[in-house]
Amino acid sequence: MLTLTVPSARRPARRVCGTKGRCAAQAPSAEEVREALNAASGSNREAARDARQFRRSLNKTGRYTRRVVDDAESLEKMESDGVGYSRKGLVAQMRQNGNKFTYGDVTVSLAQAYGFCWGVERAVQMAYEARARFPESQLHITNEIIHNPGVNQRMHDMNVKFIEAKDDTKDFSGVENGDVVILPAFGASVEEMRLLNDRGVQIIDTTCPWVSKVWTAVDRQADKAHTSIIHGKYSHEETVATASFAGDYLIIKDLEEAKYVADFILNGGDKEEFMSKFTNAMSEGFDVDTMLERVGIANQTTMLKGETEAIGKLFEKTMMQKYGPEALKEHFMVMDTICDATQERQDAMYELTGGEDAVDVMLVVGGFNSSNTSHLQEIAEHKGIPSFWVCAADCIDVAANKIQHKTSWGELKETEGWLTPGQPLRVGVTSGASTPDSDVETVLDRVFAIMHPDYEGIKPLDKPVDVVAPTH
Ligand code: SF4
């Protein structure tokens, strides 16, 4: 079986003994340690440069695509599969009516920002276009194209095979020369791209341009010998990919960890503790003595915009304090790589659940492994609003008036009698960035069916309405 170890961020960095008196038997001199670390750092920078050149060189292979072509047949199939923005259904009708809809005594309010972000829609379209362009070839996708079970099922239906990841390894043994491999919206590591290129496959790279922009940022930071401080989750595929394009890097998950690192920069601290805290989240040969002298900020695009900005400001202030304003440019780099999609959906959720128009019950629709969807659920929970996170309409049993749902802290629950037919109901609804509009429509269908047993469905519009695609 040919497998590839998911690299970099998941792999613990080499440990460096930083405590006097320990490792005495094999202890190298301080100079030897420094030389080794400089070599490691230099090789990380070199690797980052190679990664950039390699990705660029893919364009010349004739086996690499990273553009949508707006193939009419593919767009039609997406629409008939209910994968994408609604053009005739309930969500399309709500968009025409201020994101409101009333059926009998049920009033539905849809969040102003919800559902498929631009990058996810683009990735799904590219996958459909790949199927149309290579009808005879075997298609694969590295793991899920997006975090949505319905969309992934459509991929299965189109005979796209999924390259599964188990225990940090992906099994590429089923991928053969001449096959087509789709890289997901959140990207793939350079090691995976190299393997696929060596295998002679056609690569369809759906990596969102916003994610590519982050890769450009870490690449520039490597060029200038700055360590990339990546705000993200070290095991998330997007962050693994970003780390593979970086030179020296450190991944921090939140502002609290950022404060710990900033304090270390200013005041020093226990090196062993530092290495142990970030053991899975740093580049090979990471040296706390030298690699925090010049830093740059990067981010996993689904992290909270406000938190990434706060982390950037914190490091800017820290480096200014340590090296003085005149030397800031030499010690700190930042480039605007924040995608607003996550924040916009959260802002819309706050708006929907606040004020006098507050709802009686919230429905949050999205894959159970989607982290941006879990944040939406969390907002409603914090406000004390009964909120049900469902991954699809199947979670709702109409006859039994029962719902299977997930809490923001990950508990799967089943609630009976969750709706009360005969009483007026104000429902709020939103959906995560990987959720097609059809999922929202089928979920609402079941709500109406519970509240009104004679419900026969919403008549679609005769003509499709234009969709103004979100900028994010
Ligand atoms: S959330 Fe932003 S970066 Fe991620 S796929 Fe969507 S548009 Fe692209």
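The values are calculated or read from the model by the stated rules, or taken from the named source; none is laboratory data. On a predicted model such as this, the values are computed, not experimentally measured, just so you know. Ideal geometry is used to build each Cβ from the backbone, glycine not excepted, and the neighbour counts take in all protein chains shown.
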Residues being at pLDDT 90 or above, surrounded by fewer than 16 Cβ atoms within 10 Å (Cβ to Cβ) and not small (Gly, Ala, Ser) - total across region 48-58 = 1
Say we look at region 380-406 and pick out the residues that are assigned to a loop (DSSP other than H, G, I, E, B) and either in contact with a helix residue (DSSP H, G or I) (Cβ under 7 Å, 6 or more places away or on another chain) or aromatic (Phe, Trp, Tyr) (or both); which of these is surrounded by the most Cβ atoms within 10 Å (Cβ to Cβ)?
-> 391
Those residues of region 211-232 that are within 16 Å of the ligand (Cβ to nearest atom) and surrounded by fewer than 20 Cβ atoms within 10 Å (Cβ to Cβ) come to a total of 3
Could you tell me whether region 371-379 includes any residue that is assigned to a loop (DSSP other than H, G, I, E, B) and in contact (Cβ under 8 Å) with a residue 40 or more places away in the chain?
-> no
Region 160-174, subset assigned to a loop (DSSP other than H, G, I, E, B) and touching a strand residue (DSSP E or B) at 6+ places or on another chain (Cβ under 7 Å), residue surrounded by the most Cβ atoms within 10 Å (Cβ to Cβ) | 172
Could you look through region 416-436, keep only residues that are modelled with pLDDT of 95 or more and under 30 Å from residue 340 (Cβ atoms), and pick out the one that is nearest to the chain's Cα centre (by Cα)?
-> 431
Out of the residues in region 57-74 that are assigned to a loop (DSSP other than H, G, I, E, B) and of a type in the set (A, V, I, L, M), state the one that is farthest from residue 193 (Cα to Cα).
-> 69
Filter region 410-434 down to residues that are without any contact (Cβ under 8 Å) to a residue 24 or more places away in the chain and among the charged types (D, E, K, R) and give me whichever is farthest from residue 120 (Cα to Cα).
-> 416
Candidates 407, 430, 353, filtered to the one that is touching a strand residue (DSSP E or B) at 6+ places or on another chain (Cβ under 7 Å), within 16 Å of the ligand (Cβ to nearest atom) and within 30 Å of residue 208 (Cβ to Cβ) = 430
When you scan region 175-208, how many residues do you find that are part of a loop (DSSP other than H, G, I, E, B) and either without any contact (Cβ under 8 Å) to a residue 24 or more places away in the chain or over 23 Å from residue 148 (Cβ atoms) (or both)?
-> 8
Residue check for residue 240: within 16 Å of the ligand (Cβ to nearest atom) and either free of Cβ contacts under 8 Å to residues at least 40 places away in the same chain or in the same structural domain as residue 323 (by TED's automatic domain parsing) (or both) = yes
State whether one or more residues within region 272-280 are hydroxyl-bearing (Ser, Thr, Tyr), farther than 30 Å from residue 346 by Cα and in contact (Cβ under 8 Å) with a residue 24 or more places away in the chain.
-> yes
Residue count, region 318-341, condition more than 11 Å from residue 296 (Cβ to Cβ) and touching a residue at least 40 places away in the same chain (Cβ under 8 Å), comes to 6
Checklist (1) away from the ligand (no atom under 16 Å from the Cβ); (2) touching a Phe, Trp or Tyr at 6+ places or on another chain (Cβ under 7 Å) applied to residue 130, failing item = (2)
Output for region 65-105, where each listed residue is among the β-branched types (Val, Ile, Thr) and either crowded, with 21+ Cβ neighbours inside 10 Å or closer than 17 Å to residue 146 by Cβ (or both) = 68, 83, 91
Of the residues in region 258-310 that are of a type in the set (S, T, N, Q) and within 16 Å of the ligand (Cβ to nearest atom), the one that is surrounded by the most Cβ atoms within 10 Å (Cβ to Cβ) is 301
Filter result for residue 301 (outside any helix (DSSP H, G or I) and of a type in the set (Ser, Thr, Tyr)) | yes
Provide a single number: the residues in region 330-345 that are in a helix (DSSP H, G or I), within 12 Å of the ligand (Cβ to nearest atom) and in contact with a helix residue (DSSP H, G or I) (Cβ under 7 Å, 6 or more places away or on another chain).
-> 3
